[in-house]
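Student: The structure under discussion is supplied below as structure tokens; questions concerning it will follow.
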Amino acid sequence: MELEYSNAKVEKAFTDWRYLQKIVGLQLTKAIKKRKDQLESFQNIYEFMGSGIDNPHPLNGDLYGHISWSITGNLRIIFDLNLAKNEIYNLEIPKRERICIKGVVDYHGGKNEWIIS
């Protein structure tokens, strides 16, 4: 699958591992790199979502139109599907071969604490 990034800071974090390590440390850098490598191995969103690897799932509320994927117990990579608030997930989405990485967040406990955004 082809990856896009929501902004230059997110792109730098997901492509420059030394930079990322300075931000989040070695252990989390390894986990994020593993997720990126896994994501690139899928051909499209359908394969990715169907894999079930660490629970990729669509989000609701403020993050409607996004997909969350577990990195650690609380941290998630967020992917933007570019859906409008009133647009529903449709049959075309699984066929997409490009996905936009929005960042890494801890959204548990009623907060959105962005680690990378």
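The values are calculated or read from the model by the stated rules, or taken from the named source; none is laboratory data. All figures in this text were calculated on a predicted structure; none of them were measured in a lab. No Cβ is skipped: glycine too gets one built from the backbone with ideal geometry, and neighbour counts run over all protein chains shown. These area figures cover heavy atoms from the full protein model, side chains too; ligands, DNA and RNA do not enter into them. Shrake-Rupley method; radii C 1.70, N 1.55, O 1.52, S 1.80 Å.
Student: For the condition open to solvent by 30 Å² or more (accessible area, probe 1.4 Å), closer than 16 Å to Ser117 by Cα and free of Cβ contacts under 8 Å to residues at least 60 places away in the same chain, what is the one hit in Gln38, Gln27, Gln21, Gln43?
Tutor: Answer to the check: Gln21.
Student: For segment 2-18, what are the residues that are touching an Asp or Glu at 6+ places or on another chain (Cβ under 9 Å), open to solvent by 40 Å² or more (accessible area, probe 1.4 Å) and not polar (S, T, N, Q)?
Tutor: Those that are touching an Asp or Glu at 6+ places or on another chain (Cβ under 9 Å), open to solvent by 40 Å² or more (accessible area, probe 1.4 Å) and not polar (S, T, N, Q): Glu2, Glu4, Tyr5, Glu11.
Student: Could you please let me know if Ile93 is surrounded by 17 or more Cβ atoms within 10 Å (Cβ to Cβ), under 15 Å from Val105 (Cα atoms) and in contact (Cβ under 8 Å) with a residue 24 or more places away in the chain?
Tutor: No; evaluated as a whole, the condition is false for this residue.
Student: Determine, yes or no, whether Gly52 is loosely packed, with under 12 Cβ neighbours inside 10 Å and on the phi > 0 side of the Ramachandran plot.
Tutor: Yes.
Student: Consider Asp62 against the criteria (1) open to solvent by 70 Å² or more (accessible area, probe 1.4 Å); (2) over 15 Å from Trp114 (Cα atoms): it satisfies all of them except one. Which criterion is unmet?
Tutor: All conditions are met except number (2).
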